[in-house]
Amino acid sequence: MPEAPRARIPRPATDNGAAGGRAGGAEAAGPDGVQVKPGGHREATLYSALAGAGAGDGRSLAELRAQALRAYESLELPVWRRSGFWTTSLQKLELGSLRREPDAAPALPEIVERTLPARPRAGRIVQSANAIVQLELDPDLRERGVILCSLKDAFREHPDLVAPWYSKRLTVDRHKLEAANAAFWSAGAFLYVPPEVVVSDPFEVVYAIDARGIAQYGRTLVLGGQASEFRLHEYDLGEDFEGQALHAGAVEVYLQDGARCRFAQVQDWGAGEVFDVSTRLVDVGRDAYCHWLPALLGGHLVRQHLELAVSEPGGEMAFRGLFFTEELEHLDVFAVDLHETGPSEGDVHWRGAATGQSRASFEGLIQINPGAQRTHTYLQIHSMMLSPKARVDAIPSVLVSADDVSASHGGTVGDLLHAKPRAGPPRRRARDRGGLF
Amino acid sequence: MADLEIRDLHVCTDGHEILRGVDLSVSRGQIHALSGKSTLASTLMGHPAYEITQGSISFMGEDITSAEPHERAKAGLFLAFQYPVAIPGVSVANFLRMAINAKREEPIGVKEFRAQLAHAVDLLDVDRSFTSRHLNDGFSGGEKKRAEILQMAMLLPDVAVLDETDSGLDIDALRTVAEGVQRLHDEQGLGVLIITHYQRILHHVKPDFVHILLDGRIVLEGGVEVVERLEREGYDRIRQEFGAGEAGAVAAGDPGA
């Protein structure tokens, strides 16, 4: 069946095109009028790790919501700039015209069944707009103490389990959309895998937007008990529609002693004018392990803060990501490999490609805190520009505050300007084949 | 007298008393599981950061309380590290040959070493290419622990102390490591002291004796029935029963974990 033509959507409000540069950008005037040469200098980067700066400090959910609401009301829509060569601006988001509830009663979006692979699963929770439209959990797992429900229900039914972890390492007021998420989320997802429970089939957490005009607030909290093993698949999916929509997301995953999690995430917001501003954090406890694979396959404007923190000795992680942008899409990824203590191991490997007139920026940070001795980690990013007007920035960086470690990074950006494009957007073909895992 | 005798052991580190009178006996052919501190493993091998303030350790009838780590290893005591160190540039095979030679008067012959290595590799179901890689350099958690068990199989100690060897392993790697330990015990009469925080390794290795260490003392001892009780009642119950302040396991949902 031929694919529907994609609507022409204006480029997100950025000045990246004006810079006219590729793979690192051109020189541009800094705030004081001085010519700033981009890249190669820590001061040229903007983002910083959360590094444990969570809002959850024993206050109630209502108190955290109130703090977030105050921030939401006082802040403007954010603009993130790296000096001279990169801007991600939400100025064109018409937040006031978006609503949290759809016109009709929410139902399971067709894109969910069309996209998710038909295969055994441990459980599934689907949030469409801001309502849960599908929730299922293997009865045997429920019997063994596994919990999968909306975060709202989890606060009501398991407050002692949820409250100590909620927003433990996530802030609620760094910018307007983070504050909006913390203030307005109403459904969300909660997964708890008890100690020593091993689950081979994946848990699926789905956020879907199937109509324009929606402001979706996604909030996921996952607790992996001591020596548990499980797989978590998150899908962020949008139909092809005309008009604006927003997904402001926050995901926190806590892996206790010896827990092991394989966390995969597919994000594809379709051809609509979907803005996605999200923060995801995984906390790897003592002797725990996380393999995290984000696949960021597009959205009108996507900004992702992805932080993988080893917080206890013996933690180990593999952070393998990929991104693909096309047409006029704008992607801004900040991936953090944080080691708060040692010994610990890390391996960050990202690959990406951009085509059309899309813009993609990947900043990867290795941060090794004081005392995190015997940390060994490596970060690499390889990306390609598949059209003459595409642009990719790759900014690997290292902040090391311990002296018995090995940490290194590397990045490549290349172009493939004469390749003949194949029919249809490749990412949509991949998605519609029924999954990437 | 047991091969490894620990009597009234008191140990301090950083000014804190961690062990407060531990008594434990391990002989060849026995498997002991101890839930508690890695401090005991470090002390047994003579880590300089751990000061013995009272008590004694004897091995094969000799007092080794003050012996150097290499003397303990030469005597036949082996420690599998919780966090093995990477040694780039030294292959697993070369490391093993050097370790074996350190215990012998004459260097081991190439043919004999190869035969011994092939036997150990088969016994532990390890890929042969594993031995040509640099020791622990770029190894996954599971590979590091397999390398420790491979060393154990090659050095043929009388008693091995496994310091949280099960940590950082997925269920398949745990099974492989545990089966290797069990085989070395069954086929070579190895004595084993498994120090662990988790119960799951005890589903694969069958201990003859189980000891629970709380607040620096062994508060509960017995056979596999202790493991069954732990699984039934959890550590919290035992902690309450003995009025201890800490345990080998952390309750789920504890934000301070």
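The values are calculated or read from the model by the stated rules, or taken from the named source; none is laboratory data. Since this is a predicted model, take the numbers as computed values, not measurements. Using ideal geometry, Cβ is built from the backbone for each residue, glycine included, and neighbour counts are taken over all protein chains shown.
Observations on the structure shown:
- The residue of segment A:348-395 that is nearest to residue A:322 (Cα to Cα), among those that are charged (D, E, K, R) and in contact with a His (Cβ under 9 Å, 6 or more places away or on another chain), is A:351.
- Some residue of segment A:127-140 being within 14 Å of another protein chain (Cβ to nearest Cβ) and closer than 24 Å to residue A:258 by Cβ: no
- Test result for residue A:197, within 14 Å of another protein chain (Cβ to nearest Cβ) and among the aliphatic types (A, V, I, L, M): yes
- Options B:82, B:54: the member that is surrounded by 19 or more Cβ atoms within 10 Å (Cβ to Cβ) and touching a residue at least 12 places away in the same chain (Cβ under 8 Å): B:82
- Total residues in segment A:232-268, condition within 14 Å of chain B (Cβ to nearest Cβ) and either out of contact with any His (no Cβ under 9 Å at 6 or more places or on another chain) or aromatic (Phe, Trp, Tyr) (or both): 5
- Out of A:272, A:213, A:225, A:243, sole residue that is closer than 17 Å to residue A:123 by Cβ and over 16 Å from the mean Cα position of the chain (by Cα): A:225
- Residue-level check: of (1) under 21 Å from residue A:150 (Cβ atoms); (2) touching a helix residue (DSSP H, G or I) at 6+ places or on another chain (Cβ under 9 Å); (3) surrounded by 24 or more Cβ atoms within 10 Å (Cβ to Cβ), residue A:207 misses just (2).
- Residues that are within 16 Å of residue A:265 (Cα to Cα) and part of a loop (DSSP other than H, G, I, E, B) were ranked within segment A:291-317; the one that is modelled with the lowest pLDDT is A:298.
- Of residues in segment A:269-301 being among the charged types (D, E, K, R) and within 27 Å of residue B:200 (Cβ to Cβ), the one nearest to the other protein chains (Cβ to nearest Cβ): A:287
- Every pair of residues 6+ apart whose Cβ atoms lie under 9 Å, when the first sits in segment A:211-231 and is within 12 Å of another protein chain (Cβ to nearest Cβ) and more than 20 Å from residue A:271 (Cα to Cα) while the second is among the basic types (Lys, Arg) and in a strand (DSSP E or B): A:224/A:260; A:227/A:260; A:228/A:260; A:229/A:260; A:229/A:262; A:230/A:260; A:230/A:262; A:231/A:262
- If you go through segment B:22-49 and pick out every residue that is without any contact (Cβ under 8 Å) to a residue 40 or more places away in the chain and either in contact with a Gly (Cβ under 9 Å, 6 or more places away or on another chain) or buried (at least 22 other Cβ atoms within 10 Å of the Cβ) (or both), you end up with 2.
- Flag if residue A:59 is outside any loop (DSSP other than H, G, I, E, B), surrounded by fewer than 17 Cβ atoms within 10 Å (Cβ to Cβ) and among the basic types (Lys, Arg): no
- Single match in B:250, B:227 (criterion: within 14 Å of chain A (Cβ to nearest Cβ), at pLDDT below 85 and in a loop (DSSP other than H, G, I, E, B)): B:250
- Lone unmet requirement of (1) in contact with a Lys or Arg (Cβ under 6 Å, 6 or more places away or on another chain); (2) under 19 Å from residue B:34 (Cα atoms) for residue B:163: (1)
- If the condition is being at pLDDT below 95 and part of a strand (DSSP E or B), then segment A:81-127 contributes A:81, A:82, A:86, A:87, A:88, A:89, A:99.
- Of the helices (runs of 4 or more DSSP H) lying entirely inside segment B:86-200, those containing at least 1 residues that are touching a residue at least 24 places away in the same chain (Cβ under 8 Å), within 19 Å of residue A:258 (Cβ to Cβ) and within 14 Å of another protein chain (Cβ to nearest Cβ) are B:141-155, B:171-188.
- The one condition from (1) within 27 Å of residue B:71 (Cβ to Cβ); (2) crowded, with 21+ Cβ neighbours inside 10 Å that residue B:158 does not meet is (2).
- Filter result for residue A:405 (touching a residue at least 24 places away in the same chain (Cβ under 8 Å), within 14 Å of chain B (Cβ to nearest Cβ), more than 22 Å from residue A:328 (Cα to Cα) and among the hydrophobic types (A, V, I, L, M, F, W, C)): yes
- Residue B:1 falls short on exactly one of the conditions (1) part of a helix (DSSP H, G or I); (2) of a type outside the set (Ser, Thr, Tyr); (3) modelled with pLDDT under 90, and that condition is (1).
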